[in-house]
Amino acid sequence: MFFSQAGARPRMWEASPSEHKKWVEVFKACDEENKGCLSRENFKVAVVMLFGYKPSKIEADAVMSSVDPNTSGILLKEFLDIVRKKKEAQLYRNEIRHIFTAFDRHYRGYLTLEDFKKAFKQVAPKLSERIILEVFSDEETIAKSKLEDKSINSYISCEINVGTISYL
């Protein structure tokens, strides 16, 4: 939902003052009744304004279930924390996509053993070929099964799974 399914957590990231100000402005614009909190529907509008997509029912349920039941919605502090986490996850996915693209020199959408060997020779020249082969064979199994399903979500999952190898 907010973080990659690869299991790794994004690094902590701090918003710039102008970005933080924008988030507060969006919160205030979506707090139609000036109650100091966002309803479920107002939260969805805020996400559309900041991230360009409407949150799914599952995402909205998860956010609303984390809200203090004594309040009538998402408070500004909670909202800012949610937005920061979403931004971190977005930056993390972009970083993984960038790493995958750097490995995929022929723009095929998948990585070959030769792609892996070349990439690891550059980033970890002392890593043994045996380890590279083990990592590749494990990830190749995952990647092939995901690439059989041509949906964009599978493609992104494949990118994330393969991309996490660069952090060994």
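Solvent exposure of residue 22, expressed as accessible area, is near 100 Å², computed with a probe of 1.4 Å over the protein chains only. In a DSSP loop and with at most 14 other Cβ atoms within 10 Å, the chymotrypsin sites (Phe, Trp or Tyr not before Pro) in segment 18-127 are 53, 107.
When a/c is below 1.5 the answer is rounded, else prolate if a/b is larger than b/c, else oblate, so apply that to segment 19-62 with a ≥ b ≥ c taken from the square roots of the Cα gyration tensor eigenvalues. Cα axes put segment 19-62 in the oblate bin.
When the C-alpha to C-alpha distance is required to be over 27 Å, the pairs from 35/86; 22/85; 87/121 that qualify are 87/121.
For segment 6-112, GluC sites (Glu not before Pro) are listed when DSSP marks them as loop and at most 16 other Cβ atoms sit within 10 Å of their Cβ; the list is 14, 32, 33. Applying 1/(1 + (r/R0)^6) with r as the Cβ-Cβ distance of residue 51 and residue 107 and R0 = 25 angstrom yields a FRET efficiency of 0.40.
Couplings for segment 56-71, taken from phi via the Karplus curve 6.51 cos²θ - 1.76 cosθ + 1.60 with θ = phi - 60°, read 5, 4, 5, 5, 5, 4, 4, 5, 5, 6, 8, 7, 4, x, 7, 10 Hz in order; Gly and Pro are left as x.
Accessible area per residue (1.4 Å probe, heavy atoms of protein chains only) ranks 82, 131 as 131, 82, with the largest value leading. For segment 96-140, trypsin sites (Lys or Arg not before Pro) are listed when DSSP marks them as loop and at most 11 other Cβ atoms sit within 10 Å of their Cβ; the list is 108, 126. Under the convention that each Lys and Arg Cβ holds +1 and each Asp and Glu Cβ holds -1, the size of the dipole of segment 14-69 around its Cα centre is about 140 debye. Gain on full extension, evaluated as 0.36 nm per residue between residue 127 and residue 62 minus their Cα-Cα distance, stands at 19.3 nm. Amide H to amide H, with H built 1.01 Å from N, residue 38 comes under 5 Å of 74, 75, counting only residues 5 or more places away or on other chains.
The values are calculated or read from the model by the stated rules, or taken from the named source; none is laboratory data. The structure displayed is predicted, hence computed values, not measured ones. As a convention, Cβ positions derive from the backbone with ideal geometry for all residues, glycine included, and neighbour counts pool all protein chains shown. Heavy atoms of the whole protein, side chains included, go into the accessibility calculation; ligands, DNA and RNA do not. Shrake-Rupley method; radii C 1.70, N 1.55, O 1.52, S 1.80 Å.
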